[in-house]
Ligand code: HEC
Ligand code: HEC
């Protein structure tokens, strides 16, 4: 705020408070020709309804004066007059920073203790997972859904099928450093017909029926253009984050139209790294939480 605006605001605020003071004095003053207090003004309605000239109630006046005094004290203590920071030097920014610091000293030891433990073991600790559930809700649910079930473009974390791998280390790496998937747009190279053929082939990979002619043409082209990333059998490549195309779990959708769009226009999913934002200890706990979400693995263990 430059000094012009600072003064502009200061003058308006002070003038308003003074105006309130003046207004209340002015209205309370008796006027020449006015009926004396507690006498009627001489106006009569409906034959017997007459108007008295009563002063404003004491309590009301006091409230008014008190609020004027309150606002003056407030403006001395807290920022409100342009650039003047107030005697207490309070600011929303420092208040937030102090609160964060207090929370950090309170919770950091808790997360540090969790970080000592193995992810696989931590994943079975109910209390730890309840804390992790809240962390997930605050930091991950916007993209992956409150239950981790995902949304179009945001992979499900519950289906035990992974773009980058489901080992504790791979999950932790995904969360710490983020992941950037890149599927190049191939509409230009393949042409409308090529996209159609390959899309139909991919569509058929998980056992759905599709016209043989298109599937056969698509199979050959898939080997040529796609196998390098998605593997010859379409099961994907975790080093690249290239999804398995042979199951019912799709990141971007498994309809013929969605598959066509993936091939024609490409895809580039971005998982933001959380190291800087949350710190390693919290990420460790979240990795255990994500690890615990895969229902399938849990039933495998039982
Ligand atoms: C801004 C949206 C966004 C947020 C927030 C986000 N993610 Fe992700 N996440 C993604 C996307 C998109 C991918 C897939 C990246 C790709 O396509 O390569 C992903 C991938 C992942 C993966 C790898 C999945 C696999 O199949 O290998 C894990 C694990 C993960 N996220 C966990 C988390 C956790 C835990 C949080 C919270 C701390 C989180 N994500 C926050 C968007 C997000
Ligand atoms: C350079 C490596 C690469 C090549 C070549 C490639 N892909 Fe991909 N593909 C990927 C990656 C990585 C993703 C995931 C993108 C993301 O996470 O945003 C992907 C995503 C997809 C998806 C979306 C899957 C889903 O779950 O929604 C489809 C479908 C697909 N690819 C099909 C193909 C086909 C068909 C070809 C050949 C024409 C092909 N890809 C070529 C790397 C590749």
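Read-outs throughout are calculated quantities, based only on the coordinates presented, and are distinct from any laboratory measurement. What you are looking at is a predicted structure, and each value in this text was computed from that prediction instead of being measured. Here the Cβ is made from the backbone with ideal geometry for all residues, glycine too, and neighbour counts use every protein chain on show.
Determine, from the Cβ-Cβ distance of residue 113 and residue 89 and an R0 of 30 Å, the FRET efficiency 1/(1 + (r/R0)^6), rounded to the nearest 0.05.
On the way: r = 36 Å, r/R0 = 1.21.
After rounding to 0.05, the efficiency reads 0.25.
Say we join alpha carbon atoms closer than 10 Å with springs in a Gaussian network model of the chain; which of 71, 262, 209 then has the biggest fluctuation?
71
Order of 154, 182, 136 from fewest to most other C-beta atoms within 10 Å? Intermediate values should be presented prior to the final figure.
Numbers: 154 17, 182 13, 136 22.
Ranking 154, 182, 136 by Cβ neighbours within 10 Å, fewest first, gives 182, 154, 136.
Compute the distance from the alpha-carbon center of the stretch 1-42 to that of the stretch 190-261, in whole Å.
Each part reduced to its Cα centre gives a spacing of 77 Å.
Angle, helix 187-204 long axis vs. longest principal axis of the chain, Cα atoms, 0 to 90°, nearest 10?
80
Which value, in nm² and rounded to one decimal, describes the direction-averaged projected area of the C-alpha convex hull of the stretch 35-79?
Hull-based average projected area comes out at 4.9 nm².
Set the Förster distance to 41 Å, then compute FRET efficiency between residue 4 and residue 58 from the Cβ-Cβ distance, nearest 0.05. Display every interim value, and only then the final one.
Values: r = 43 Å, r/R0 = 1.04.
For R0 = 41 Å, the calculated efficiency reads 0.45.
With N residues in the chain, what two-decimal value do you get for its Cα radius of gyration over 2.2 N^0.38 Å? Could you put the intermediate results ahead of the total?
Working: Rg = 34.8 Å, N = 302, 2.2 N^0.38 = 19.3 Å.
Taking N as the residue count of the chain, the ratio is 1.81.
How far is it, in nm, from the label point at residue 13 to the one at residue 39 when both lie 7 Å from their Cα along the line to the Cβ?
4.6
Can you tell me the length gained on complete extension of the stretch residue 98 to residue 76, counting 0.36 nm per residue apart and subtracting the Cα distance? List each step's numbers first, then the result.
Working: separation 22, 0.36 × 22 = 7.92 nm, distance 2.23 nm.
The span from residue 98 to residue 76 would gain 5.7 nm if fully extended.
Kindly state, as a whole number, the per residue volume in cubic angstrom of the convex hull around the alpha carbon atoms of the stretch 107-219. Spell out each step's value before the answer.
Values: hull volume 16.5 nm³, N = 113.
Hull volume over Cα atoms, normalised by residue count, gives 146 Å³.
Which angle between 0 and 90 degrees, to the nearest 10, do you get for helix 58-77 versus the longest principal axis of the chain when only C-alpha atoms count?
Result, in degrees: 50.
Dimensions of the stretch 179-255 along principal axes (Cα, Å, largest first)?
On the principal axes, the stretch 179-255 reaches 37, 27, 21 Å in Cα extent.
Normalized C-alpha radius of gyration of the stretch 3-77, against 2.2 N^0.38 Å? Intermediate results must be reported in sequence, preceding the final value.
Details: Rg = 18.5 Å, N = 75, 2.2 N^0.38 = 11.3 Å.
Rg over 2.2 N^0.38 Å, computed on Cα atoms: 1.63.
Using a Förster distance of 25 angstrom, determine the FRET efficiency expected from the C-beta separation of residue 206 and residue 239, and round it to 0.05.
Working: r = 23 Å, r/R0 = 0.90.
With R0 = 25 Å, the Cβ-Cβ based efficiency is 0.65.
Return 133, 43, 144, 177 ranked ascending by Cβ neighbour count within 10 Å, so the fewest neighbours appear first. Let's see the in-between values first.
Values: 133 18, 43 10, 144 21, 177 14.
The order, fewest Cβ neighbours first, is 43, 177, 133, 144.
Using the 10 angstrom Cβ neighbour count as an exposure proxy, how do 229, 140 rank, fewest first? Show your work: numbers first, answer last.
On the way: 229 16, 140 21.
Ranking 229, 140 by Cβ neighbours within 10 Å, fewest first, gives 229, 140.
What is the helix-to-structure angle for 256-265, meaning the angle in degrees between its Cα long axis and the longest Cα principal axis of the chain, kept from 0 to 90 and rounded to the nearest 10?
80
For the chain, what does -39500 (n - 2.57) per DSSP helix run (n ≥ 4), summed and divided by total residues, give at 222 nm, in deg cm²/dmol to the nearest 500?
The helix contribution divided over the chain gives -18000 deg cm²/dmol.
Please work out how much length the chain gains when fully extended from residue 143 to residue 182, using 0.36 nm per residue of separation minus the C-alpha to C-alpha distance, in nm with one decimal. Walk me through the intermediate numbers first.
On the way: separation 39, 0.36 × 39 = 14.04 nm, distance 1.81 nm.
Between residue 143 and residue 182, full extension yields an extra 12.2 nm.
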